[in-house]
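The values are calculated or read from the model by the stated rules, or taken from the named source; none is laboratory data. Computed from a predicted model, the values in this text were never measured in an experiment. No Cβ is skipped: glycine too gets one built from the backbone with ideal geometry, and neighbour counts run over all protein chains shown.
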């Protein structure tokens, strides 16, 4: 009798293990939990990918608009003769920080940045001459001689109280009256698919980077990347596409 009572007590206090649930018992097995996690992961991927694509397209649209604004304001900058390094009354094109009214323009006797600003001051070029905005890097190149040399905010720009250096190359100054180019490329692989280019012609180009993918400051386009020959000496190709010095196919943005 006593032994029967003990057996009944042990049976009442035992709890079925997770792997030995009776039908209708509460809780989930390990396999059931894994299935739930897998379903959640699939649903998350379905929801996140379209959102990421929409963000990238939005960044690209903003980068295109920014380059078009730079193109327009470059013409205003030059026509207003903000920079006139040789004093001949003909203006030269500007750098990012000059257009943004962040530094004193390269002109003898200049003491303050331009006002009003021609582009948003958030386009502040850093020590490498690049500005980060809309998930894209931006950089302007200007000629410094007549043999393909170029400069950026990094080596041509001044600061908020002192103008940048005046070129001692007369041919370079003259070429700055006619030529400039700018690039915009994704700051990371998940901020944009395409890179963009515009120059003094006002025509905007794009590339998907099939040969060379631009991403961040470490992989940035050089001045002659979109040109088929020496920078500024030849126009990029037309809407059907051309191969630039970087090996990428560049086409006109419609």
Fill in the blank from the handout: Pairing a residue in segment 66-91 that is touching a residue at least 60 places away in the same chain (Cβ under 8 Å) and on the phi < 0 side of the Ramachandran plot with any residue that is assigned to a loop (DSSP other than H, G, I, E, B) and loosely packed, with under 13 Cβ neighbours inside 10 Å, where Cβ atoms lie under 6 Å and the two sit 6 or more apart in sequence or on different chains, gives 71/202
Handout entry: Residue count for segment 130-146, restricted to those that are assigned to a strand (DSSP E or B) and in contact with a helix residue (DSSP H, G or I) (Cβ under 7 Å, 6 or more places away or on another chain)
Key = 7
Fill in the blank from the handout: When (1) modelled with pLDDT of 90 or more; (2) crowded, with 17+ Cβ neighbours inside 10 Å; (3) on the phi > 0 side of the Ramachandran plot are applied to residue 232, the one that fails is (1)
Handout entry: Selection status of residue 171, out of contact with any helix residue (DSSP H, G or I) (no Cβ under 7 Å at 6 or more places or on another chain) and without any contact (Cβ under 8 Å) to a residue 40 or more places away in the chain
Key = yes
Exercise for the section: Would you be able to say whether some residue in segment 106-115 is under 17 Å from residue 154 (Cα atoms), in contact (Cβ under 8 Å) with a residue 12 or more places away in the chain, surrounded by 24 or more Cβ atoms within 10 Å (Cβ to Cβ) and over 13 Å from the mean Cα position of the chain (by Cα)? Expected result: yes
Exercise for the section: Have a look at 175, 189 and point out the one that is part of a loop (DSSP other than H, G, I, E, B) and touching a strand residue (DSSP E or B) at 6+ places or on another chain (Cβ under 8 Å). Expected result: 189
Completion exercise
The condition of being surrounded by fewer than 17 Cβ atoms within 10 Å (Cβ to Cβ) and either closer than 24 Å to residue 62 by Cα or touching a residue at least 60 places away in the same chain (Cβ under 8 Å) (or both) holds, among 226, 188, only for 188
Fill in the blank from the handout: Taking segment 193-222 and keeping only residues that are over 20 Å from residue 129 (Cβ atoms) and assigned to a loop (DSSP other than H, G, I, E, B), one is left with 193, 194, 201, 202, 203, 208, 209, 210, 211, 213
Completion exercise
Picked from segment 147-165 (must be in a loop (DSSP other than H, G, I, E, B) and more than 21 Å from residue 109 (Cβ to Cβ)), the residue farthest from the chain's Cα centre (by Cα) is 147
